[in-house]
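Just below is one structure, and these are the notes that go with it.
The values are calculated or read from the model by the stated rules, or taken from the named source; none is laboratory data. Keep in mind it's a predicted model, so treat the numbers as computed, not measured. Note: ideal-geometry Cβ built from the backbone for every residue, glycine included; neighbour counts use all protein chains shown. To get the accessible areas, we keep the full protein, side chains included, count just its heavy atoms, and leave off ligands, DNA and RNA. Shrake-Rupley method; radii C 1.70, N 1.55, O 1.52, S 1.80 Å.
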Amino acid sequence: MTRPVSTFSIVACDLDAGQWGVGVASKFLAVGSVVPWAEPHVGAVATQAYANPRYGPDGLAALRDGAAAEEVVARLTLSDDGRDERQVGVVDARGRSASFTGSACHDWAGGRTGDCYAAQGNLLVSAETVDALAASFEASAGLPLAERLLEALAAAQVAGGDRRGQQSAALFVVERDGGYASLTDVLVDLRVDDHVQPIVELQRLYRIHDRLFGRTPREEWLPVDDTLRDELTARLAALGYEGDLAAQLDAWAGTENLEERLDGTDALDPVLVDALRAA
């Protein structure tokens, strides 16, 4: 018998940032391999309960063709004989949202929708888990989408979470050319497949990810004057990187996987400078 992907999730978007994403947690091995789907300027889908994995690519295809979130949910479930055991959340390219919970999903099961998000869960301690997903997301406007999704998962776990316990969690966010070296649309793709506190571990991984690949506004970068140049040269030399500052800084940043934080030496990302000072 197929094991249900009993879980709570939130699909959401930040239209100003051009980002769509999914946050999900469950007492299920590697929930991130099944539930989250997203495509920039198209939408996001979470498929769970006795999950139909085809809801992901099929839902994105319908969104790509211009269908609204509610229409996508209707199409997916109407053609699925197992719809009563399915749960799905969708956010479309315009931020419209829809959530479906089949009548045979295990209690507590249900969902909530709002502008730019759909929150849903099944086999939960209570409705408070989904309420916490929604309340947290609504209260965190202004933060990056990835952080809002993480905060929503954490709030939902505190509110009760999956009534069977914890095992895995995932965070998936897309943005056109927003990923590594601007050569991929995947901005964040982090998974904790088997852990006693998967959301806490996911938060730890995201902090590392943000340190390596996050973006500090250019106006906040530090101009490299003579004082800072001398300090950086000395710190690099102490680590065995001696010679031309630009070449040695590039070599050190590559070793530390911080190359995405470096763009010449006229001005430097403060995150990179702080990392060198802490080395």
Look through Arg96, Arg83 and report the one residue that is open to solvent by 10 Å² or more (accessible area, probe 1.4 Å) and within 20 Å of Val173 (Cα to Cα). Arg96
If you go through Arg191, Arg148, Arg215, Arg211, the only one that is basic (Lys, Arg), touching a strand residue (DSSP E or B) at 6+ places or on another chain (Cβ under 6 Å) and within 26 Å of Leu258 (Cβ to Cβ) is Arg191
Residue satisfying condition, being basic (Lys, Arg) and either touching a residue at least 40 places away in the same chain (Cβ under 8 Å) or farther than 30 Å from Leu29 by Cβ (or both), within set Arg163, Arg207: Arg163
Would you confirm whether or not segment 114-136 contains a residue that is open to solvent by 20 Å² or more (accessible area, probe 1.4 Å), in contact (Cβ under 8 Å) with a residue 40 or more places away in the chain and part of a strand (DSSP E or B)? no
Count - residues of segment 59-79 that are modelled with pLDDT of 95 or more, closer than 18 Å to Thr101 by Cα and open to solvent by 30 Å² or more (accessible area, probe 1.4 Å): 5
Search result, residues across segment 262-279 that are open to solvent by less than 60 Å² (accessible area, probe 1.4 Å) and either in contact (Cβ under 8 Å) with a residue 60 or more places away in the chain or assigned to a helix (DSSP H, G or I) (or both): Pro270, Val271, Leu272, Val273, Ala275, Leu276
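Just the residues that are farther than 17 Å from Arg112 by Cα and either in a helix (DSSP H, G or I) or touching a Phe, Trp or Tyr at 6+ places or on another chain (Cβ under 6 Å) (or both), please, taken from segment 72-94.
So in segment 72-94, the residues farther than 17 Å from Arg112 by Cα come out as 75-85, 93-94.
Result: Arg75, Leu76, Thr77, Leu78, Arg83, Asp84, Glu85.
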Among strands (runs of 3 or more DSSP E) lying entirely in segment 10-53, which contain 3 or more residues that are open to solvent by less than 20 Å² (accessible area, probe 1.4 Å)? 19-26, 43-49
Pairs, first under 19 Å from Ala119 (Cβ atoms) in segment 44-60, second of a type in the set (Asp, Glu) and surrounded by 24 or more Cβ atoms within 10 Å (Cβ to Cβ), C-beta under 9 Å, six or more apart: Ala44/Asp92
Taking only pairs six or more apart or across chains, which ones have beta-carbon atoms under 8 Å, a first residue in segment 67-79 that is more than 13 Å from Arg94 (Cα to Cα), and a second residue that is part of a loop (DSSP other than H, G, I, E, B) and not hydroxyl-bearing (Ser, Thr, Tyr)? Arg75/Ala67; Leu76/Asn52; Thr77/Gly102
